[in-house]
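**Q** Here you go, one structure.
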Amino acid sequence: MSNSDWTPEQPLVSIRDVHKSFGELEVLKGVTLDVRQGEVICIIGPSGSGKSTLIRCINALNTIDSGSIKVEGIEVNNPELDKLKLRKNVGMVFQQYNLFPHKTALENVMMAPIKVLKQAPDEVEERARKLIKRVNLVGKENSYPGELSGGQQQRVAIARSLAMNPDVMLFDEVTAALDPETVNEVLLAIKDLAQDGMTCILVTHEMGFAREVADHIYFTDRGVIVEHGPPSTFFTEAKDPRTQEFLSQIL
Amino acid sequence: MNAKPALTTTNTDLAVLKPFKFSPAGQVNDLLFSRWLAEFSPRSLFLIALILLAWPGFALAQSNYSFSQALDALWRWLPFIVGKGFVLNLVVSFMTMLVGTIAGVLLGLGQVSPARAIAAPSWFITQLFRNSPWLVLLFIVMLALPFEIQIGDHIYPIPDWLKAVFGLALPIMANISEIVRGAIISVPTGQWEAADSLAYSRNQTLWLVILPQCFKRMIPPWMNWYAILTMATPLISLLGVEEIVTLSRQAMEAEDNHPELLVPFFGFALIIFFAYCYPIARYTIRLEKKFAVRQ
Ligand SMILES: Nc1ncnc2c1ncn2[C@@H]1O[C@H](COP(=O)(O)OP(=O)(O)OP(=O)(O)O)[C@@H](O)[C@H]1O
Ligand SMILES: [Mg+2]
C-alpha cells in the first residue's frame, strides 16, 4: 500500500512547514510535526487555532497551499494524489459521528470494506461483529443510529473506521458533542486502541485523557505550534505565556 | 438527528457541496398545489357539485332546451369523453412523468456534479425550462418536431399526443431536476466527509450514502408535480390533441352547440380531474408529514 521507499523506522505521518489559507484567512502558518508508528499524539489549543484544518489535511479532506504532508511516504500535497488509496490507510472519526442514518450499526461498519475494499461479505461481517464487541456494543448490531445515544454512535463510528484496517487514526474532538456521562466510554475505546499500538492523532479538550494516553502533546495557537512535549513535562513546564494561559483556563 | 452537522461542518474544500447561490436551495417541500387541493373538505366538494348542476337549471328554466336534455346528452357522450378523452389525458400524464422523471434525475445529478462543464449547463437548462410558460414550450415542441420520422424504409408518424408528451416533459424535467438537487444538498456535508474519509468514490458516495437518504424526501414533491401536470394536460387541447376538452367540444358540436351544454360538459371535466387529483394531493400531504416526523 505504501510508497516503496518508506520504512517503519521513518515517521508514519510527516508534516513539514504546512501553510493553508481560506481566502484571506491564513489558518495554518507553517506547521511541522512527526508521528511515528504506534505513537499517540494530542493536539490542543483554543478554538479557531486550526486544529481541525490540520488533521483534515492529513487525509486530504482539505488541500494545503504549501509544505508537505507524507503518510507512509505518500505525498499528500500532490495534484495527482490518489486520494482513495491514501484514505484507505487513514481512518477518521468526527465530532458529529456522521454515521449513515439509513444503515444499522453493523451495516455502517460493514459497508466500506465490502464496497470500497471489495472484501467478501461473510468475512467482513465476522470482523465487524468483533469490532462491535471491541467497542462494547454487543446487542446494538441491528440498531439504527437514530436509536443510539451519542456515545454509542461515536463508538460505532470508531468501529466503522477500524473496519478498513487503517494504519493511522484521526480523531477530531470526538467527545466534544457528547453528554458528560458518555464521554468516558468513548475515551475508553480510544485508549484500548492506543494501547493496542494504533497510531493515533487526536484533537481533544480532554486534558486528563491526553496526559494519560498521549506520547506527545502539541499546543497550537493561531496556526502555529507554540509548544510541545511529552505529557510529563508539557503540563508542568509550559514556558510560553499563551500555553500557560490556555492550561490555566482548562485545567 | 443529523440536524447539527449541517451547521457545524461547513469547513470543507470539497467543491461538490457548494450550493448555487443564485437560486434558493431545497424547494423540496414546496407543496403549495397539493396543499391547496388537499384542503377541500368532502362537504365543500358536494356543495360545488350541487351549484354546478343546479345553477343552469334555475337560470335557463324557460329555454326550450332543458337542463335534463343537456344531462342526457352528457350521459350519451360519457363513454366517448372518458374512454377516449380522459384516458388520453392520463396516458399523456404517465408518459410525461416517465420521460420528465428520467431526464430530470439526470439533469439534477448534473447540477450537483463537481465538473463545472456539466453543472453549469445543467443549471442553465433547469432554470430555462422551469421558468418558461408551459404553453409556449408546447407550441415550440409541436412545431419543431417532425410529424413523422423515417427509420430505414419505415416511416413512423409521430402522433400529436406524443409531441405533447415531450412538450410537457420539459418543465416537468426542470422541476424534478430542482427536486433532486434540493434533496441532495439537504443532506448534511458530514455525510459526504464521512464517506470521503472511508475512501468511497464520489459515485459510491452518491448512490450508496446520499441518494438512499434523500429518496423519500423526493417523493412528496414529485407527486405534487404529477398532480399539477395532470391538471395541466387540457392545455394540449389547444394543439388539437383529442383529449377530454377537445372531445367535449366535439360532442357539444354534435349536439348543435346549445349553450346549456357548456356547464354540464365542462363541469364534468372539472369534477373528473378533481376526483382524480384530490386523493393524490391528500396522499402527498400525508406522506410529507410522515417523512417529516421521521427525520
Ligand atoms: N471551509 C472553510 N472556509 C473558510 N474558513 C474556514 C473553513 N474551515 C475553517 N475555516 C476557518 O479556519 C479557522 C480554523 O478553523 P478550525 O476548524 O481548523 O479550528 P479548530 O482549531 O478546529 O477550532 P475548534 O476548536 O473550534 O474546532 C477558523 O477561523 C475557521 O472559521
Ligand atoms: Mg475543530
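**Q** Sort largest first and round to whole Å: the equivalent ellipsoid semi-axes of region B:193-256, each the square root of five times a Cα gyration tensor eigenvalue.
**A** Listed largest to smallest, the semi-axes of region B:193-256 are 50, 11, 6 Å.
**Q** Using θ = phi - 60° and the Karplus form 6.51 cos²θ - 1.76 cosθ + 1.60, what ³J(HN,Hα) does each residue of region B:268-275 get, whole Hz, x for Gly and Pro?
**A** 5, 4, 4, 5, 5, 5, 4, 4
**Q** Moving to a separate point now. Given the convex hull over the Cα atoms of region B:27-291, what projected area results after averaging over all orientations, in nm²?
**A** Dividing the Cα hull surface by four gives the mean projection, 18.3 nm².
**Q** Moving on to the next point. FRET efficiency for B:I151 and B:L90, Cβ-Cβ distance as r, R0 = 25 Å, nearest 0.05?
**A** 0.30
**Q** Using a 7 Å offset from the Cα along the Cα-to-Cβ direction at both A:D82 and B:L50, what is the distance between the two label points in nm, to one decimal?
**A** 7.7
**Q** In Å³ and rounded to a whole number, note down the convex hull volume per residue for the Cα atoms of region B:157-210.
**A** So the per-residue Cα hull volume is 84 Å³.
**Q** Still on this model: With an 8 Å Cα cut-off and a minimum separation of 6 or more residues, compute the relative contact order for chain A in percent.
**A** The value is 25 percent.
**Q** Now a separate question. Would you please classify the overall shape of chain A from the alpha carbon gyration tensor, given that a ≥ b ≥ c denote the square roots of the eigenvalues, rounded means a/c under 1.5, and beyond that prolate means a/b larger than b/c while oblate covers the rest?
**A** It comes out oblate by the Cα gyration axes.
**Q** Related question: If you take the beta carbon distance between A:R211 and A:R129 as r and set R0 to 35 Å, what does 1/(1 + (r/R0)^6) give as a FRET efficiency, to the nearest 0.05?
**A** Efficiency for this residue pair is about 0.55.
**Q** Taking every pair of alpha-carbon atoms in region B:217-295, give the share separated by more than 21 Å as a whole percent.
**A** Of the Cα pairs, 44 percent sit more than 21 Å apart.
**Q** Pairing the Cα long axis of helix A:241-250 with the longest principal axis of chain A, what angle in degrees results, from 0 to 90 and rounded to the nearest 10?
**A** The answer is roughly 40 degrees.
**Q** Which loop-located trypsin sites (Lys or Arg not before Pro) does region A:30-137 contain, where loop means any DSSP state but H, G, I, E or B and the Cβ has at most 11 other Cβ atoms within 10 Å?
**A** A:K118
**Q** Under 5 Å between amide H atoms, partner at least 5 residues away or on a different chain: which partners does A:V224 have, H built in plane at 1.01 Å?
**A** A:K29
**Q** Pop a pseudo-label 7 angstrom from the Cα along the beta-carbon direction at both B:K216 and B:I140 and give the gap in nm to one decimal.
**A** 3.8
**Q** Here's something else I'd like to know. May I ask for the Kirkwood hydrodynamic radius of region B:150-291, worked out over all distinct Cα pairs and given in angstroms to one decimal?
**A** About 18.9 Å, per the Kirkwood formula over Cα pairs.
**Q** Just how far, in whole angstrom, is region A:7-51 from region B:222-281 if you go by their alpha carbon centroids?
**A** So the two Cα centres are separated by 69 Å.
**Q** Moving on. Just in region B:153-213: which chymotrypsin sites (Phe, Trp or Tyr not before Pro) are loop by DSSP and have at most 13 other Cβ atoms within 10 Å?
**A** none
**Q** Please list 3J(HN,Hα) in residue order for region A:147-163, calculated via the Karplus relation 6.51 cos²θ - 1.76 cosθ + 1.60 where θ = phi - 60°; whole Hz, with x for glycine and proline.
**A** 9, 10, 6, x, x, 5, 4, 5, 6, 4, 4, 5, 4, 4, 5, 5, 4
**Q** Out of region A:178-251, which GluC sites (Glu not before Pro) are coil in DSSP terms and have no more than 15 other C-beta atoms within 10 Å?
**A** Taking region A:178-251 and a limit of 15 other Cβ atoms within 10 Å, the loop GluC sites (Glu not before Pro) found are A:E237.
**Q** Count charges around B:M173 for me, please; just the other residues with Cβ under 14 Å from its Cβ, Lys/Arg as +1, Asp/Glu as -1.
**A** Once all neighbours under 14 Å are counted, the net charge is +1.
**Q** Which residue, A:G91, A:G67, A:G151, has the most motion in a Gaussian network model of chain A that connects Cα atoms within less than 10 Å?
**A** Largest GNM mean-square fluctuation: A:G67.
**Q** Using the Cα atoms of the protein assembly as shown, I'd like the radius of gyration and the largest Cα-Cα distance, Dmax, both in angstrom.
**A** 31.8, 110
**Q** Here's another thing I want to ask about it. Let me confirm one metric for peptide A:55-63, namely the mean number of other chain beta-carbon atoms within 10 Å of its residues' beta-carbons.
**A** The shielding value for this peptide is 3.
**Q** Give me the extension gain from A:N184 to A:T32: residue separation times 0.36 nm, minus the current Cα-Cα distance, reported in nm with one decimal.
**A** Contour length minus Cα-Cα distance gives 51.6 nm.
**Q** Taking Cα atoms of region B:111-210, Rg/Rh with Kirkwood Rh, to two decimals?
**A** Radius of gyration over Kirkwood radius for region B:111-210 works out to 1.16.
**Q** Cα-Cα over 31 Å: which of A:K20/A:K103; A:K88/A:K191; A:K103/B:K290; A:K85/B:K290?
**A** A:K20/A:K103; A:K85/B:K290
**Q** Aspartates and glutamates near B:K84 by alpha-carbon distance under 20 Å, same-chain residues fewer than 8 away left out - which ones?
**A** In chain and number order, the partners are B:D72, B:D160, B:E242, B:E243, B:E253, B:E255.
**Q** How many partner chain Cβ atoms sit within 10 Å of a residue's Cβ in peptide B:197-208, on average, as a whole number?
**A** Across the residues of B:197-208, the mean count of other-chain Cβ atoms within 10 Å is 6.
**Q** Moving on to the next point. Quote the relative contact order of region B:27-291 in percent (integer), defining contacts as alpha-carbon pairs under 8 Å separated by 6+ residues.
**A** In percent, rounded to a whole number, it is 33.
**Q** Other chains' Cβ within 10 Å of A:113-123 residues: what's the mean?
**A** 2
Since every read-out is calculated from the coordinates, none of them should be taken as a lab result. Source: prediction; values computed, not measured. Don't worry about glycine lacking a Cβ; one is built from the backbone with ideal geometry, like all the others, and counts go over all protein chains shown.
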